[in-house]
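See below for the structure under consideration.
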Amino acid sequence: MVFYVENENCLKVRITKPQSRKNFRQLATQIRAKLGIDSKQLYVDILFCLEILIPKIDSSFQYKIFDPGEFEKPNEAFFSPENNCIFIRSDVYNKARDEDGRARFTIAHEIAHYFLFKILGIPYYEDWENIMYYSDAKLHSVDPEWQADVVGNYLLCEPDCIKDFSEEDIVFYCGVTNSAAYTALQNAKGHKYVDYSAIFMNKSFSDVIKEYSQ
């Protein structure tokens, strides 16, 4: 399940199974292998993944393009486990076709949700409510949106391929934004992130909820 907790600042947060960056790099490698993408390939055609490669390995998978204003919440894209479908707003889809880095990352993020759900069994639910995320870094490892961001970044920017690149090179060759390139370079250079997932590994969700509802 995904739980909602309120901290002392009355901010509502979603929490799910804790995971580490190491796990997510391995998952991104596994995703590339499943989709038949070479591990040394710099540019990942994310729309080709969406439209051709994923349906090849999952015949029930589908994607749908929707018009702005069609849904209550103005999502740019979202994954629906119930329908095994990624919904993408038409303007985002068109920007991705035009190689826009932000739009490409948005779709990679939703593909990450799909694989997190399919491979690791990490649940994901779209709630249509206004959810505010707590900024405490300790919660990142149990935040499903942070998890999808990390996997999406690894999928588009394979660390071993870009470790000697500049940020500008990563933007050019991988087709991502400057901020995504910065994160990718930190990953590739072995930036020592604090792995907070260990904090939660031996705790029940009820314990986590108690801790962050104080």
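Each reported figure results from applying straightforward, stated rules to the coordinates on display, with no laboratory input. Worth saying up front: this structure is predicted, and the values here are computed from it rather than measured. All Cβ positions, even for glycine, are placed from backbone atoms using ideal geometry, and neighbour counts span all protein chains on display.
Write down the percent of antiparallel bridges among all DSSP beta bridges whose residues are both part of region 41-116, to the nearest 5.
So the antiparallel bridges amount to about 45 percent of the total.
Checking the table Lys40/Lys95; Lys95/Lys189; Lys64/Lys118; Lys118/Lys189; Lys64/Lys95 against a 21 Å threshold on Cα-Cα, which pairs fail?
Lys40/Lys95; Lys95/Lys189; Lys118/Lys189
For region 25-84, what is the per residue volume of the convex hull drawn over the alpha-carbon atoms, in cubic angstrom?
Given the Cα convex hull of region 25-84, per-residue volume reads 119 Å³.
So how do 87-97, 37-47 stack up, highest first, on mean other-Cβ count within 10 Å?
87-97, 37-47
Would you kindly state how much longer the chain becomes between Asp58 and Lys40 on full extension, computed as 0.36 nm times their sequence separation minus their alpha carbon distance, in nm to one decimal?
Additional length available on full extension: 4.1 nm.
Mind giving me the nanometre distance, one decimal, between the label points for Asn178 and Ile119, set 7 Å out from Cα along Cα→Cβ?
The modelled label-to-label distance comes out at 3.1 nm.
Which three semi-axes in whole Å describe the equivalent ellipsoid of region 15-56, each the square root of 5 times a Cα gyration tensor eigenvalue, listed largest first?
With the √(5λ) rule applied to region 15-56, the semi-axes are 22, 13, 9 Å.
What is the gain in length, in nm to one decimal, between Glu168 and Trp146 on full extension, counting 0.36 nm per residue of separation less the C-alpha to C-alpha distance?
Extra length available between Glu168 and Trp146 comes to 5.5 nm.
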